[in-house]
Amino acid sequence: MLAFGPVPSRRLGRSLGINNIPAKTCTYSCVYCQLGRTSQLTVKRRAFYNPEKIFNEAKKKVEVAVSRNEKIDYLTFVPDGEPLLDINLGKEISLLKQMGIPIAVLTNASLLWYEDVKEDLLKADLVSLKVDSVNQVLWRKINRPHTSLSLNKILDSIVSFADDFEGILITETMLIDKIEYGAELREIASFLQELNGLKKAYIAIPTRPPAEKWVKPANEEIINLAYQIFSEKLGAEKVEYLIGYEGNAFAFTGNVKEDLLAITAVHPMRKEAVEEFLKKANAEWRIIEELLHKKLLIELEYEGKLYYMRKLPSRTNHK
């Protein structure tokens, strides 16, 4: 299937997926990949599918969605491998743009140092770049790249791309357990600070079965630490979680519990902010105690201040 959806996405609204790469053809073999280990580890760009066929399949999906009054916010290249390996990517973006819907590309950025790849990607309206590590050792352990790839080249090309890109630029950093991050989180944040026009830096965890059985999501303390460090460098308005909930910090339903869980699934709330929220909602602190007791919320400390965060899905005891 070369096109699928549309599906809801907090980053992209309603997104219709474009699958331009065969399964597990990638430049990385990330330990957390939900598709399993990479079977075709390569850095060589080539043609995979006829661009016209991709366009026609996407057009049919769009027509069906329109007939059902379903909105599509983005046509998103989110294939079963690395989308930049497709030598026809630029042509496909140009064809799809004829439908008048913005184009998004989710990529690990590993081939951005090729000039033709950069030119193709500059045609997109939104680009999400993976930055799991800026450290050689961790990069090789987490992303398991093709041996010909250079992390320094990739990082330099990301900075260069950000300088030239006129669309919406976001990043994603996947955090996993059993990794000694040490100073790495601060180094990643410092790197992200260099990116001109960065709209949002997402902190993610694996939410589906990973390629390697030892991989587990990072714990709440590490996720909160990453959020605080990223916020210090980038500003809190530019940092959000992707932890398995499609929470929306701006959707207030009037249900205090649901709203609190939705907000804290996107970013942690300081105790003072929670108290102010409850005051405006004319609600009492016992709601927080109840959510803590049910293990739907978790209390964390950072630099002497208390924060509240949505408990991770895999660690929640449903009652």
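Residue-by-condition table, conditions (1) small (Gly, Ala, Ser); (2) touching a Leu at 6+ places or on another chain (Cβ under 9 Å); (3) part of a helix (DSSP H, G or I):
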| site | (1), (2), (3) |
| --- | --- |
| Val117 | no, yes, yes |
| Asp120 | no, yes, yes |
| Ser133 | yes, yes, no |
| Trp139 | no, yes, yes |
| Ile142 | no, no, yes |
| Leu149 | no, yes, no |
| Asn152 | no, no, yes |
| Ile158 | no, yes, yes |
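For the range 174-187, filtered to residues that are at pLDDT 95 or above and acidic (Asp, Glu), the residue that is surrounded by the most Cβ atoms within 10 Å (Cβ to Cβ) is Glu184. All conditions in (1) in contact with a Leu (Cβ under 8 Å, 6 or more places away or on another chain); (2) modelled with pLDDT under 95; (3) open to solvent by 60 Å² or more (accessible area, probe 1.4 Å) hold for Asn69, with the sole exception of (1). Taking the range 167-190, which residues are free of Cβ contacts under 8 Å to residues at least 12 places away in the same chain, at negative phi and of a type outside the set (A, V, I, L, M)? Across the range 167-190, the qualifying residue is only Glu180. For Asp125, the criteria (1) surrounded by fewer than 19 Cβ atoms within 10 Å (Cβ to Cβ); (2) over 17 Å from the mean Cα position of the chain (by Cα) hold in every case but one, which is (2). Filtering the range 14-32 down to residues that are open to solvent by 30 Å² or more (accessible area, probe 1.4 Å) and either within 19 Å of the chain's Cα centre (by Cα) or not aliphatic (A, V, I, L, M) (or both), which residue is farthest from Pro210 (Cα to Cα)? Among those that are open to solvent by 30 Å² or more (accessible area, probe 1.4 Å) and either within 19 Å of the chain's Cα centre (by Cα) or not aliphatic (A, V, I, L, M) (or both), it is Arg14. In the range 274-306, of all residues being open to solvent by 60 Å² or more (accessible area, probe 1.4 Å) and in contact with a strand residue (DSSP E or B) (Cβ under 7 Å, 6 or more places away or on another chain), the one that is farthest from Glu220 (Cα to Cα) corresponds to Lys305.
In the set Leu35, Leu2, only one residue is open to solvent by 40 Å² or more (accessible area, probe 1.4 Å) and either farther than 16 Å from Leu126 by Cβ or at pLDDT 95 or above (or both); that residue is Leu35. Among the residues of the range 51-86, those that are in a loop (DSSP other than H, G, I, E, B) and of a type in the set (Lys, Arg) comprise Arg68, Lys71.
Restricting the range 188-216 to residues that are open to solvent by 20 Å² or more (accessible area, probe 1.4 Å) and within 28 Å of Leu306 (Cα to Cα) leaves a set whose member that is modelled with the lowest pLDDT is Thr207. Out of curiosity, is Ala251 more than 26 Å from Ala189 (Cα to Cα), at pLDDT below 90 and open to solvent by less than 50 Å² (accessible area, probe 1.4 Å)? The answer is yes for Ala251. Just one of the numbered conditions (1) under 27 Å from Ile101 (Cβ atoms); (2) surrounded by 14 or more Cβ atoms within 10 Å (Cβ to Cβ); (3) modelled with pLDDT of 95 or more is not true of Val78; which one? That leaves (3) as the condition not met. Count, please, the residues in the range 82-122 that happen to be charged (D, E, K, R), within 25 Å of Ser133 (Cα to Cα) and open to solvent by less than 60 Å² (accessible area, probe 1.4 Å). The total comes to 4. Taking the range 208-232 as the range and being assigned to a loop (DSSP other than H, G, I, E, B), among the charged types (D, E, K, R) and touching a residue at least 60 places away in the same chain (Cβ under 8 Å) as the test, the residues that pass are Arg208, Glu212, Lys216.
The values are calculated or read from the model by the stated rules, or taken from the named source; none is laboratory data. Because the structure is predicted, anything quoted here is derived from the model rather than measured. Because the Cβ atoms are built from the backbone with ideal geometry, glycine has one as well, and the counts that use them run over all protein chains shown. What goes into the accessible areas is simple: the full protein's heavy atoms, side chains included, and nothing from ligands, DNA or RNA. Shrake-Rupley method; radii C 1.70, N 1.55, O 1.52, S 1.80 Å.
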